[in-house]
Amino acid sequence: MNQHIERAQLLIQQDRFEQAEDSLRQALADDPQNGYAHSLLAICMMRDRDQLLAATQEAEQGIHCEPEFSFSYYAHSMVMQKRGQYDAAMQSVKRAIEIDPTDAAFHASQAGLFAHSDKWAECLEATETGLSFDPENQQCASLRSHALERLGRVTDALEEAERAARQDPDSPHAHSSRGWALLNKGDHRGAQQAFREALRLDPSDEFSRRGMISSLNSNNFLFRNFYRFMLMMSRLDQRTQWGLIIGLWIGIRVLGSLAQKHEWLGPWVLPISICYLLFVMMSWIANPLFNTFLRFHPFGKHLLSTKEKWASNSIAIAFGVGALGAAACLAQMDWIGAVLVFVFAIYLTIPLSVPFNTSAKWATQVAALIAGAFSLIYLGIVAGIVADFIKVQWIQIYQFGILIYCFAAQKLLSAEDRV
């Protein structure tokens with residue numbers, strides 16, 4: 001093998017991608033048709049978002065030079081994943097597996113793509129296939145533990161994660177998987193210890209960082225129980241989730257209609273409606289809301305990304321404006337107005353939270369414009385309530401707009417950049 005390629009492989013193992021890139025370019029200067037060098041170069045370049053197009057070209061050149069080499073398709077799949085083109089990534093990794101079905105890394109990559117699509121049964125099957133060829137593959141073991149937990153096999157997931165951690169105590173993936181298994185079993189304190197170890201081994205691991213945030217937030221009784229409920233919901237398929245949410249909304253509407261005919265139902269309508277409202281609100285704002293409190297935690301404050309900090313700022317501002325508006329209404333002895341102003345501030349947190357949870361740049365820009373529009377409408381409603389010239393139609397439009405946006409925002413949240 002070319003000495004420059006051997007050196008590049010060693011540098012890649014050490015995460016020294018820039019130096020590896022230099023070595024690979026030297027190798028390609030000697031042999032421009034070396035498909036393996038092109039594929040390795042693509043893997044190095046994809047770490048830089050500004051080089052994703054160039055990385056794609058290198059990956060495609062690797063396939064062109066060696067169309068029957070499995071690693072070329074694997075590298076192309078990795079680049080496509082980085083670009084958010086998951087269908088193309090799946091096609092490439094499937095081709096890699098067709099050429100060489102015994103490489104556990106290929107099956108781990110396919111399992112990761114299944115996990116991204118919430119296809120947990122397929123994810124589990126892919127990891128078990130990979131582990132049958134390489135029982136020591138940490139990525140397969142980690143994804144297998146996560147898939148088992150998603151499928152409701154929490155005890156099996158924890159056993160798998162603990163086995164992986166014992167087998168390779170220096171693997172951040174093993175400790176991270178153990179942390180998630182403990183968290184989803186209800187042991188948030190044990191999960192914190194596991195995530196701390198994972199982050200000590202790899203401070204840049206995003207999977208561990210998000211797990212540590214959730215485990216710290218679980219110190220809060222409200223978040224802990226809400227997390228358990230959302231965990232239960234996440235184990236349902238997407239169609240069932242939406243069916244449950246819409247079914248609850250229809251049920252409340254039917255209950256309201258029945259209450260007009262049966263007076264004894266009247267006292268139940270408002271409490272049930274409030275519980276449903278809180279459920280919908282929390283499904284959108286639980287993370288940024290509790291992240292606001294996490295910013296005062298001595299360790300947790302260092303975990304939040306810039307986006308997460310701005311999301312918590314926006315939620316805090318919405319609640320602050322709502323409290324000020326409610327206080328202005330109370331000063332005029334307008335109790336109903338005070339409740340409306342504060343409740344509508346809670347509504348506003350939904351569009352405010354969306355821009356900070358989008359991946360695609362265009363989706364972030366669209367979500368930010370929509371959030372700005374809802375903010376202006378809300379301020380107009382507050383002014384109208386305080387000045388006592390509000391019209392019912394404004395309130396209805398605002399509420400209906402928020403409801404519609406809850407569904408429309410899913411498109412923005414699922415959008416991926418196509419560089």
Ratio of the Cα radius of gyration of the stretch 296-386 to 2.2 N^0.38 Å, where N counts its residues: 1.24
Candidate values [x] 1.17; [y] 1.41; [z] 1.04, label of the one derived for Cα Rg over 2.2 N^0.38 Å: [x]
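At a 10 angstrom cut-off on C-beta neighbours, averaged per residue, how do the peptides 148-161, 290-303 rank from highest to lowest?
Numbers: 148-161: 19.5, 290-303: 16.1.
Peptide ranking by packing, descending: 148-161, 290-303.
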Likely footprinting exposure, K261, K307, K119, fewest C-beta neighbours within 10 Å first: K261, K307, K119
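Under the 0.36 nm per residue contour assumption, what length would be gained going from the current alpha-carbon distance of Y276 and D118 to full extension? Mind showing how you got there, number by number?
Numbers: separation 158, 0.36 × 158 = 56.88 nm, distance 2.56 nm.
Result for the pair: 54.3 nm of gain on full extension.
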Under 19 Å from the Cα of K307 - lysines, other chains or at least 8 residues apart: K361
Cross-link partners of K119 among lysines (Cα-Cα below 22 Å; sequence separation of 8 or more within a chain): K82, K94, K185, K411
Efficiency of FRET from Cβ geometry, F221 and A88, R₀ 60 Å, rounded to 0.05: 0.85
Packing-based exposure ordering (other Cβ within 10 Å, fewest first) of Y74, Y86: Y86, Y74
Helix 266-294 axis, angle to the chain major axis (alpha carbon atoms, nearest 10°): 40
Nearest-0.05 FRET efficiency for V269 and L324, computed from C-beta distance (R0 41 Å): 0.85
Estimated inter-spin distance, E159 and S359, nm [label 7 Å along Cα→Cβ]: 3.3
Fully extended contour minus Cα-Cα distance, from Q9 to K185, at 0.36 nm per residue: 59.4 nm
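Coordinate-derived values only; no laboratory data. Every value quoted in this text rests on a predicted model; they were computed, and no experiment measured them. Counting neighbours? That spans all protein chains shown, and the Cβs are built from the backbone with ideal geometry, glycine included.
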